[in-house]
Amino acid sequence: MKSITRNKYVYIIGIISILVAFLTHLPELIALSSSDSLFADMRIIDVISEVIFTLFSLLLLFALNIKIFRFNMGMVRIGWKQLALSFILTWILNSLLGKGFVLLHHYYNIPAIDALLHHYLHPLRDFLMTCIVVGSCYLIHMARRSQLVLQDNQNLRTENLLCQYETLKSQLNPHMLFNSLNTLYSLIRENPDKAQYYVQELSKVLRYTLQDNESHTVTLEEELAYAQSYIYLQKMRYEDNLNFDIQTDPSSLHKSLPPMAIQMLIENAIKHNEISNRKPLLISIHATDDQVIVSNHLQPRLTNDCSTQIGLDNLSKRYQLLFKRDIEVKAEDDFFTIKLPLI
């Protein structure tokens, strides 16, 4: 990435130098095709020599400004003092280069324009070239600095979101494990044989949870496969008192959602509703092309368990962090319904 940025900086400087070298000598270039020229005895080789020298001077001035003031470093802060010093040094050096070229012309017969008007224009050209060099360096520096600030802000924002997400995610595994161990404790007392199978299935579920710990999203197909294992654990405890109606549109299976989202909703329904011979619980899971709808009949428990308040709030925050979307929760007509967007 640094080499790409460096090359881009060099290309920009090279293009600016070539354009300025030709534009500063545009009157002479135009005068070559005119019979009534203001530049007496001017030859093509003289103009070409002047353009090449100007191009060399511009590249040298750019290089020295980068070397001394580090305009190409976005992390460096360039204040008005550094800018003023850069302008003065560039102007002085530009003037010295011009005088040096004149001496080379007189003593070594290097091609150059001898016209009086050309010499009168030299101070103006030195000033304009200085403004262009320093101004270009500063503008490129500010653009690079702005780009780095935006990149740093984006990196910080990404790290912050990942930190928030991992914090939310870390709450799920202990929460699920706590409830599973409570279930296992009950099964050990009521039916030790079933408890052995429960331990095997619980290990599969926990293994999946740990393996999936680095994933921020899963497909609906993966989530339903995991949910089936979790459903098996719950049905071992509640048997025929807990039933599921799962219907999926094939086009929805490759859509994405947060990991353990459906499992959390199943757990939430089981936790807050009565499940007995008198009141069996049916949990419906219907997946359409753009959402998963999880619903159950409202049949509150006679005794309220202490809630850790991490369920729906946790899921809502994960959706906001990952997708900038939110879940939809409705409790009406004796039904509790939650709609999860599929991305």
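Of all residues in the stretch 187-201, count the ones that are open to solvent by 50 Å² or more (accessible area, probe 1.4 Å) and in contact (Cβ under 8 Å) with a residue 12 or more places away in the chain.
Number satisfying all stated conditions: 3.
So, restricting to helices (runs of 4 or more DSSP H) that lie completely within the stretch 185-279, which ones have at least 2 residues that are over 23 Å from residue 329 (Cβ atoms)? Steps first, please.
Values: elements: 192-211, 220-238, 261-272.
Hits in the stretch 185-279: 192-211, 220-238.
Can you report the number of residues in the stretch 30-47 which are at pLDDT 80 or above and surrounded by 14 or more Cβ atoms within 10 Å (Cβ to Cβ)?
2
Please go through the stretch 311-343 and give me each residue that is assigned to a loop (DSSP other than H, G, I, E, B) and either open to solvent by 70 Å² or more (accessible area, probe 1.4 Å) or at pLDDT below 85 (or both), ordered by number. Break it down stepwise before answering.
Step one: list which residues in the stretch 311-343 are assigned to a loop (DSSP other than H, G, I, E, B), which gives 324-327, 333-334, 342-343.
Residues satisfying the conditions are 324, 325, 326, 333, 334, 343.
Run residue 322 past the list (1) hydrophobic (A, V, I, L, M, F, W, C); (2) in contact with a strand residue (DSSP E or B) (Cβ under 7 Å, 6 or more places away or on another chain); (3) more than 25 Å from residue 180 (Cβ to Cβ) and report the number of the one that doesn't hold.
Among (1) hydrophobic (A, V, I, L, M, F, W, C); (2) in contact with a strand residue (DSSP E or B) (Cβ under 7 Å, 6 or more places away or on another chain); (3) more than 25 Å from residue 180 (Cβ to Cβ), residue 322 violates only (2).
From the list 238, 208, which residue is hydroxyl-bearing (Ser, Thr, Tyr), out of contact with any Pro (no Cβ under 7 Å at 6 or more places or on another chain), at pLDDT below 80 and at negative phi? If you could, list the steps in order and put the result at the bottom.
Numbers: 238 fails: at pLDDT below 80.
The conditions single out 208.
The values are calculated or read from the model by the stated rules, or taken from the named source; none is laboratory data. Keep in mind it's a predicted model, so treat the numbers as computed, not measured. Please note: Cβ atoms are built from the backbone with ideal geometry, for glycine as well, and neighbour counts cover all protein chains shown. Ligands, DNA and RNA are excluded from the accessible area calculation, which covers all protein heavy atoms including side chains. Shrake-Rupley method; radii C 1.70, N 1.55, O 1.52, S 1.80 Å.
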